[in-house]
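To start, the structure under review is shown below, and the notes come after it.
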Amino acid sequence: MDVQNNGYLSIEQLTDRYLTGAKRAESPKTAEGFSFQQILEQTSAQKTVGNLRFSKHALGRLNDRNIELSAGQLERLNDGARKAEQKGIRESLVIVDQLAFIVNVPNQTVVTAMDSTETTENVFTNINGAVII
């Protein structure tokens, strides 16, 4: 192999460096020993409940409004989204107990969430159907 000292690497040098004999670097781990891939999968799993995902905006609204959903409420929310899909609704208002959710049905994503204190005017826009569970 002809080694060049002009600041540029030859094809042979690049091949030796990157393609042959190079060990793949292990993914860095956090102090707790988790890789980036593991953290990404864990975070994604937290945003998914049943078939529905919660958008970042919806998670923020739930947090800001101190809304905690029980397992039964989550199941009924999923059921409401399934019923909306069966009826061909694209943007649905799903009401579960005193909570209202706007669900993008094709993407199976909860877009926003509110409780009865935010629904005083009872006006919901940008929906084409509603499911009351």
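The values are calculated or read from the model by the stated rules, or taken from the named source; none is laboratory data. Since the model is a prediction, treat every value here as computed from it, not as a measurement. Every residue, glycine as well, gets a Cβ built from its backbone with ideal geometry; the counts of neighbours run over all protein chains shown.
Could you count how many residues in the stretch 58-106 are among the hydroxyl-bearing types (Ser, Thr, Tyr) and closer than 20 Å to residue 124 by Cα?
1
So, in the stretch 94-125, exactly how many residues are within 15 Å of residue 57 (Cβ to Cβ) and under 23 Å from the mean Cα position of the chain (by Cα)?
12
Within the stretch 93-123, track down each residue that is of a type in the set (Gly, Ala, Ser) and without any contact (Cβ under 8 Å) to a residue 24 or more places away in the chain.
Result: 116, single match.
With the checklist (1) aliphatic (A, V, I, L, M); (2) part of a loop (DSSP other than H, G, I, E, B); (3) under 28 Å from residue 96 (Cβ atoms); (4) modelled with pLDDT under 75 in hand, flag the one item residue 69 doesn't pass.
Going through (1) aliphatic (A, V, I, L, M); (2) part of a loop (DSSP other than H, G, I, E, B); (3) under 28 Å from residue 96 (Cβ atoms); (4) modelled with pLDDT under 75 one by one, residue 69 breaks only (4).
Hey, can you tell me all the residues within the stretch 110-131 that are out of contact with any helix residue (DSSP H, G or I) (no Cβ under 8 Å at 6 or more places or on another chain) and in a strand (DSSP E or B)?
Answer for the stretch 110-131, where residues must be out of contact with any helix residue (DSSP H, G or I) (no Cβ under 8 Å at 6 or more places or on another chain) and in a strand (DSSP E or B): 115, 130.
So if I check each of 126, 63, which one is exposed (fewer than 15 other Cβ atoms within 10 Å of the Cβ) and touching a residue at least 24 places away in the same chain (Cβ under 8 Å)?
126
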